[in-house]
Amino acid sequence: MSQNNWQELEQKLFLRTFSRVPLTLVRGQGAWVWDDQDKRYLDFVGGWAVDTLGHCPPVVVEALERQARTLIQVSNQFYTIPQIELAQLLVQNSCLDRVFFCNSGAEAAEGAVKLARRYGKTRLNGAYEIITTYGSFHGRTLAMTAATGQSKFQEPYEPLPNGFTNVEYNNVEAIKAATTAQTCGVMLEPIQGEGGVNVPHDSYLKEVESWCRERAVLFILDEVQTGIGRTGTLFAYEQYDVEPDIMTLAKGLGSGVPIGALLAKENVSLFSPGEHGSTFGGNPLVCAAAYATVKYIIDNDIVGKIKQVGKYCLTKLENLKQQFDFITDVRGRGLLIALEFSDEIAQDVVMACVNKGLLVNKVKPNAIRLMPPLIITENEVDEAAGILHSVFKERESRRL
Ligand SMILES: Cc1ncc(COP(=O)(O)O)c(C=O)c1O
C-alpha cells in the first residue's frame with residue numbers, strides 16, 4: 001500500500017485525536033527512523049521522550065525475545081520475577097521504598113493521587129485535595145485532566161472531577177495561598193514537559209518540599225517525562241536536593257514498551273490489598289524490557305553521557321539563537337530542550353525539518369521541543385543543528 005493509502009485509511013478509521021505529521025514510519029534503529037518510502041530521519045522526538053536507548057536497542061530486544069519465549073502475562077494474583085527485579089532496581093537507585101506498576105503515565109499519576117487520598121483519609125482527617133500547577137500535564141484520564149492545569153485540555157470535558165486546585169508554576173507563594181485543611185498533597189513536574197519545557201528557578205522544588213513538610217502534606221513529583229535519565233540524572237529530583245514522598249514514572253522507563261510506575265516512601269505506602277490494582281501492570285514482558293533499560297543506563301553511565309551531550313546540544317542551540325533573532329529562548333536540562341520563537345512558526349519549522357530529514361515536536365504554537373534518545377551522539381547533534389540552521393536560514397531569507 002502506498003504512503004497516501006495508509007494515511008487515508010487512518011483518516012477514515014480513527015477517532016480524530018491526533019494531528020499527525022504526514023509520515024508513515026515503518027522501522028527504526030538507534031536515533032534514526034525510516035518511512036514507508038525508505039526515507040531516513042534523525043529522530044529528536046523519540047516517541048515523545050520514550051525511546052530512551054534509541055529504536056530497537058539490542059539489550060531491550062534481547063530481553064523481550066527471551067521473556068516472550070518464557071512468560072508474557074500472568075495476573076498479579078501471582079509473584080513474577082521480572083517485576084520484582086525491576087522494583088528492586090528502582091528502589092535501590094532512588095529515595096523511594098515501594099513500587100506499584102501500571103501501564104502509562106496517566107495511570108501512574110492517577111495512582112499517586114489515589115495514594116495521596118489514602119494518606120489524607122488516614123492521616124489528615126480526610127483531606128483529599130491536590131494542588132497542581134498551570135501549564136502542567138499529568139495525563140488524559142478525567143481526574144488527570146482536572147490535575148492538568150491547562151484549560152485547552154479541561155474545557156471540552158467540564159465538569160471535571162473535584163479535588164484539584166491549579167496554581168501558578170514556579171511560585172511557592174501560590175501553593176502556600178492555595179493550601180487548606182483539605183489539602184493532602186502537592187503534585188509537580190520538576191520541569192514542565194508538555195507545557196513547553198518550563199524550567200523553574202533552582203530553589204523552587206526545595207521551597208515547595210519545605211512547605212509540604214511544614215504542613216505535613218505530601219510532596220509528589222511527576223517524573224513521567226523527566227525521569228530515567230532524561231534531564232541528566234536518573235531522576236530529576238536528584239538535582240534539587242529534595243526527596244519526593246511519591247514519584248511517578250512511565251515514558252522512558254521501558255525504552256518503548258508501555259509501562260508506568262508509582263513509587264512511594266515507606267511511611268506513605270498506605271494501600272491495602274484490593275484498594276488499587278491493574279491487569280497488565282508490571283507484567284513479565286514489559287518489566288523485562290524496563291529492567292534491561294534501567295540496568296543498561298546505570299551500568300553504562302548513560303546519565304553522565306547525557307549531561308555532556310545535553311550541554312553540547314544546548315550550546316549548539318544557543319549558537320543558533322545568536323544567529324537568528326526570531327529565536328527568543330533556548331531552555332531545558334539534559335536532553336529535554338525547547339526552542340521558543342517570536343512568532344507562531346512551530347508547525348512550519350516541524351514540517352521544514354521533516355523535509356530535510358529531522359523529526360522535532362511542536363510543543364506550543366511558538367515553540368519546538370527536542371527529546372532525542374539518550375544515546376544520541378555529538379555527531380548526530382551536529383547533524384540536527386545543521387538541519388535546524390538551514391531551516392532557520394530559509395525562514396530568514398524569506399522574511400528579508
Ligand atoms: C509529566 C507527565 N505526566 C503524565 C503524562 C501522561 O503520560 P501518558 O501519556 O503515558 O498517559 C505525561 C505525558 O506526556 C507527562 O509528561
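Dipole of segment 1-62 computed with +1 at Lys/Arg Cβ and -1 at Asp/Glu Cβ about the Cα centre; of 29, 17, 42, farthest Cα towards the positive end is 17.
Surface composition of the chain: carbon and sulfur atoms hold 50% of the protein heavy-atom accessible area at a 1.4 Å probe. What is the distance in Å between the Cα centres of segment 182-223 and segment 277-305? Measuring centre to centre over Cα atoms gives 25 Å. For segment 186-330, the dipole from Cβ point charges (+1 on Lys and Arg, -1 on Asp and Glu) about the Cα centre works out to 460 debye, to the nearest 20. Restricted to Cα atoms, the chain shows a radius of gyration and a Dmax of 21.1, 67 angstrom. Applying 0.36 nm per residue to the separation of residue 16 and residue 328 and subtracting their alpha-carbon distance, the gain on full extension is 109.1 nm. Beta bridges assigned by DSSP with both partners in the chain are antiparallel in approximately 65 percent of cases. Solvent-accessible surface of segment 11-124, averaged per residue with a 1.4 angstrom probe and all protein chains in place: 59 square angstrom. Simple point charges give the picture: +1 on the Cβ of Lys and Arg, -1 on the Cβ of Asp and Glu, and for the chain a dipole about the Cα centre of about 380 debye. Note on residue 280 and residue 66: with the Förster distance fixed at 22 Å, the Cβ-Cβ geometry gives a FRET efficiency of about 0.70.
Annotation: for a label point projected 7 angstrom from Cα along Cα→Cβ of residue 76, residues of segment 108-123 with backbone N closer than 18 Å are 108-119.
Relative to the Cα centre, the charge distribution of segment 163-210, modelled as +1 at Lys and Arg Cβ and -1 at Asp and Glu Cβ, gives a dipole magnitude of about 140 debye. The stretch between residue 266 and residue 300, if pulled fully straight at 0.36 nm per residue, gains 9.3 nm over its current Cα-Cα span. Specify the angular offset, from 0 to 90 degrees and rounded to the nearest 10, of the alpha carbon long axis of helix 105-123 from the longest principal axis of the alpha carbons in the chain. Computed tilt is about 20 degrees. The GNM of the chain, with springs linking C-alpha atoms under 10 angstrom apart, assigns the highest mean-square fluctuation among 222, 36, 329 to 36. Using a probe of 1.4 angstrom and keeping all protein chains present, the accessible surface of segment 218-265 works out to 16 square angstrom per residue. Evaluating 6.51 cos²θ - 1.76 cosθ + 1.60 at θ = phi - 60° for every residue in segment 256-273, the Karplus couplings come out as x, 7, x, 8, x, 8, 10, 10, 9, 5, 3, 6, 10, 7, 9, 5, 9, x Hz, glycine and proline recorded as x. Distances between placed amide hydrogens fall under 5 Å for residue 362 paired with 369, all partners being 5 or more residues away or on another chain.
Against the chain, whose longest principal axis is taken from its Cα atoms, helix 302-323 shows a tilt of about 50°. The region of the chain that goes longest without hitting one of the chymotrypsin sites (Phe, Trp or Tyr not before Pro) in a DSSP loop, each with at most 14 other Cβ atoms within 10 Å, is 80-400.
Extension gain for residue 311-residue 5 works out to 106.0 nm (0.36 nm per residue, less the C-alpha to C-alpha distance).
The values are calculated or read from the model by the stated rules, or taken from the named source; none is laboratory data. Source: prediction; values computed, not measured. Cβ coordinates were reconstructed from backbone atoms using ideal geometry, including for glycine residues, and neighbour counts include every protein chain displayed. Remember, those area values only see protein heavy atoms, side chains included, never the ligands or the DNA or RNA. Shrake-Rupley method; radii C 1.70, N 1.55, O 1.52, S 1.80 Å.
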